[in-house]
Amino acid sequence: MSDAGKLDRLVAEVRACRHCAAHLPLGPRPILHVSPTARLLIASQAPGTKVHEKGISFWDQSGERLRGWLGIGREIFYDTSRVAILPMGLCYPGRLPQGGDRPPRPECAPLWRDRVLRLMPDIRLTLLIGTYAQNHVLGPGAMTARVENFRHYLPRTFPLPHPSWRTGVWESRNPWFREIVLPALQAEVRCALDMTGAPP
């Protein structure tokens, strides 16, 4: 069986997963966008309610912000032949009592992540979106320090904050993010996608 066939079969298995059903207030709906030819991997944290309802990752304002950071539009962002999206938790985890979404379910990434990644051999760059993704891949650490020192993690990974509305305040406190990090991020994304000659 080809890698594409193996990945299709695995994705069907993932989407049928009910492992955490008892803990998911809206029920299981695993959401991922993958292909064996993808070169850019977006490792995010977990779907929100709008993404759960639509079934498409980053189908909300955080997606608009993220696409602005990357310097790419929806057509490229959702082209799974080039861009894969694999959250740490594949289902909406619910809300915390004090507000905000719960962390990704801890069972999810160990259960599925490595199996999916083994069937995506062409990944050149992985964007680690938010603390949960960064801690899973890099170990415990401070998100802001990692983003500021992004060059330390190149050429394989690029740590980023989660692009929620709250990040606007963080950006205003850290002007180096727009001045230094985003131009470098967009250059790395264009290189990973073979868009070297494309405008920033």
Exercise. Quick one: is Asp122 touching a Ser or Thr at 6+ places or on another chain (Cβ under 6 Å) and either in a helix (DSSP H, G or I) or open to solvent by 50 Å² or more (accessible area, probe 1.4 Å) (or both)?
Worked result: yes
Exercise. Quick one: how many residues across region 21-72 are hydrophobic (A, V, I, L, M, F, W, C), under 27 Å from Trp176 (Cα atoms) and not in a loop (DSSP other than H, G, I, E, B)?
Worked result: 7
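Does any residue of region 154-172 turn out to be farther than 25 Å from Pro47 by Cα, part of a loop (DSSP other than H, G, I, E, B) and of a type outside the set (Gly, Ala, Ser)?
Here is the first cut: in region 154-172, the ones farther than 25 Å from Pro47 by Cα are 154-155, 172.
Within this subset, residues satisfying the condition of being part of a loop (DSSP other than H, G, I, E, B) are 154-155.
Cutting the leftovers down to of a type outside the set (Gly, Ala, Ser) gives us 154-155.
Yes, the conditions are met somewhere in region 154-172.
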Problem set entry | Lone qualifier among Arg166, Arg151, Arg115 - being exposed (fewer than 15 other Cβ atoms within 10 Å of the Cβ), among the charged types (D, E, K, R) and farther than 25 Å from Gly55 by Cα | Arg151
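I need the full set of residues from region 97-107 which are in contact with a Pro (Cβ under 8 Å, 6 or more places away or on another chain) and open to solvent by less than 50 Å² (accessible area, probe 1.4 Å), in order please.
So in region 97-107, the residues in contact with a Pro (Cβ under 8 Å, 6 or more places away or on another chain) come out as 101-105.
Matches in region 97-107: Pro104 only.
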Exercise. Does any residue of region 55-70 turn out to be open to solvent by 10 Å² or more (accessible area, probe 1.4 Å), within 19 Å of Ala12 (Cα to Cα) and either touching a residue at least 12 places away in the same chain (Cβ under 8 Å) or of a type outside the set (Gly, Ala, Ser) (or both)?
Worked result: yes
Exercise. Among the residues of region 30-48, is any over 18 Å from Leu125 (Cβ atoms), modelled with pLDDT under 95 and more than 12 Å from the chain's Cα centre (by Cα)?
Worked result: yes
Exercise. So Leu41 clears everything in (1) surrounded by fewer than 21 Cβ atoms within 10 Å (Cβ to Cβ); (2) within 15 Å of Val189 (Cβ to Cβ) except one condition, right? Which one?
Worked result: (1)
Problem set entry | Subset tally (residues that are closer than 24 Å to Asn135 by Cβ and assigned to a loop (DSSP other than H, G, I, E, B)) for region 5-20 | 3
For this session: Specify the residue that is farthest from Arg39 (Cα to Cα); the eligible residues are those in region 128-152 that are in a helix (DSSP H, G or I) and without any contact (Cβ under 8 Å) to a residue 24 or more places away in the chain.
Result: Ala145
Exercise. Within region 11-54, which residues are more than 24 Å from Leu193 (Cα to Cα), touching a Ser or Thr at 6+ places or on another chain (Cβ under 8 Å) and touching a residue at least 60 places away in the same chain (Cβ under 8 Å)?
Worked result: Leu26
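The values are calculated or read from the model by the stated rules, or taken from the named source; none is laboratory data. Keep in mind that this is a model prediction, so the values were computed, not measured. Glycine also receives a Cβ, built like all others from the backbone with ideal geometry; neighbour counts cover every protein chain displayed. Ligands, DNA and RNA are stripped out before the accessible areas are found, and what is left, the full protein with its side chains, is counted by its heavy atoms. Shrake-Rupley method; radii C 1.70, N 1.55, O 1.52, S 1.80 Å.
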